Amino acid sequence: MRSDVDSERNTMMLDLSLLGHASVHGEMHAILTRVAPARLRVRPHAEMNSLVWSIWHAIRSEDACISRFVVPQVQVLTQGQWNARLGVSFTGDGFGMSSDDVTILSQTIDIAALAAYGQAVAAQSAQCAQYVTAWDLTTPFTPAEVESVCATYADLVGDDVAGTVAYMGSMSRGAYLIKHLYGHTQYHLGEMSAIDGQVPGERYYSW
């Protein structure tokens with residue numbers, strides 16, 4: 001049983017994480033709705049992603065890692081049949097995608113739909129507060145927990161279960177939450193600033 005002190009600590013950590021979560025989603029939504037589509041889609045050179053690809057990847061990663069494993073619901077991608085609305089055929093988060101595929105997605109994804117998908121993912125992820133308050137955030141997920149989730153959700157069938165077990169066992173639950181609620185996206189916002197600086201024309205980031 002978790003003590004009152006542990007529960008209070010969990011609540012404080014989660015509150016801070018959700019503040020970060022709201023902040024990074026607000027920034028991504030602002031980029032998608034304020035930056036010209038042509039600027040969002042361009043790759044400055046072959047070794048860099050586009051702004052829109054980086055945002056898509058960050059949102060997909062959050063949906064894949066928070067849905068099911070933290071919030072016990074299927075991915076938002078699956079619930080809302082978002083791939084059809086996005087005009088995207090990839091079901092993963094872009095890890096290991098070829099350079100040609102990065103370019104294709106960058107040029108064809110529906111930007112307005114991506115902004116809406118991001119808002120839907122943010123809303124579902126924010127539900128985590130009702131599930132994690134009693135967790136021991138200092139311990140990792142157990143192999144049995146991860147295997148059970150992988151066996152429960154149809155969109156995980158065929159996944160590398162051993163790899164997922166190893167990944168989720170490599171960090172504490174608290175670290176996992178911080179990383180996938182906002183840390184990973186914050187990293188990619190830094191990448192987006194670098195991309196923005198390499199595209200000719202008026203920058204989104206003014207520093």
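Since every read-out is calculated from the coordinates, none of them should be taken as a lab result. Bear in mind the structure is a predicted one, so any value in this text is a computation, not a measurement. Note that each Cβ is placed from the backbone with ideal geometry, even for glycine, and that neighbours are counted across all protein chains shown.
Which value at 222 nm does the chain reach when only helices count, each DSSP H run of 4 or more adding -39,500 (n - 2.57), with the total divided by all residues and rounded to the nearest 500 deg cm²/dmol?
Numbers: 12 runs with 129 residues, N = 207.
It comes out at -18500 deg cm²/dmol, rounded to the nearest 500.
Calculate the length of the line joining the C-alpha centroid of segment 4-54 to that of segment 89-160, in whole Å.
Here the two parts' Cα centres lie 14 Å apart.
If I build a Gaussian network model for the chain, linking alpha-carbon pairs within less than 10 angstrom, which residue out of Met192, Met28, Met12 has the largest mean-square fluctuation?
Result: Met12 has the largest fluctuation of those listed.
Under the 0.36 nm per residue contour assumption, what length would be gained going from the current alpha-carbon distance of Thr138 and Gln198 to full extension?
Length gained, Thr138 through Gln198: 17.6 nm.
Rank Ala36, Val132, Met48 by how far each Cα sits towards the positive end of the charge dipole of segment 4-197 (+1 on Lys, Arg Cβ; -1 on Asp, Glu Cβ) and give me just the farthest.
The listed residue farthest towards the positive side: Ala36.
Where in the chain are the DSSP H helices whose alpha-carbon span along the long axis reaches 20 Å or more and whose Kyte-Doolittle mean is at least -0.5?
Helices meeting the criterion: 4-34, 51-66, 111-125.
Using every alpha carbon pair in segment 9-122, what percent of pairs falls into each 10 Å bin from 0 up to the bin containing the largest distance?
For segment 9-122, the pair-distance distribution reads 13, 45, 32, 9, 1.
Taking +1 at the Cβ of each Lys and Arg and -1 at the Cβ of each Asp and Glu, which of Leu86, Met13, Ala166 sits farthest along the dipole of the chain towards its positive end, judged by Cα position relative to the Cα centre?
Working it through, the farthest residue towards the positive pole turns out to be Leu86.
Below 15 angstrom from the Cβ of Trp82, what's the summed charge of the other residues (Lys, Arg +1; Asp, Glu -1)?
Result for the neighbourhood of Trp82: -3.
Looking at (i) 7, 27, 27, 21, 11, 5, 2, 0; (ii) 8, 34, 34, 19, 5, 0; (iii) 8, 33, 40, 18, 1, 0, which value of P(r) over Cα pairs in 10 Å bins from 0, in percent comes from a calculation on the structure shown?
After the calculation, the listed value that fits is (ii).
Which longest uninterrupted range of the chain lacks any GluC sites (Glu not before Pro) assigned by DSSP to a loop state (not H, G, I, E or B) and surrounded by at most 13 other Cβ atoms within 10 Å?
Values: sites that count: Glu47, Glu202.
In the chain, the maximal stretch lacking such sites is 48-201.
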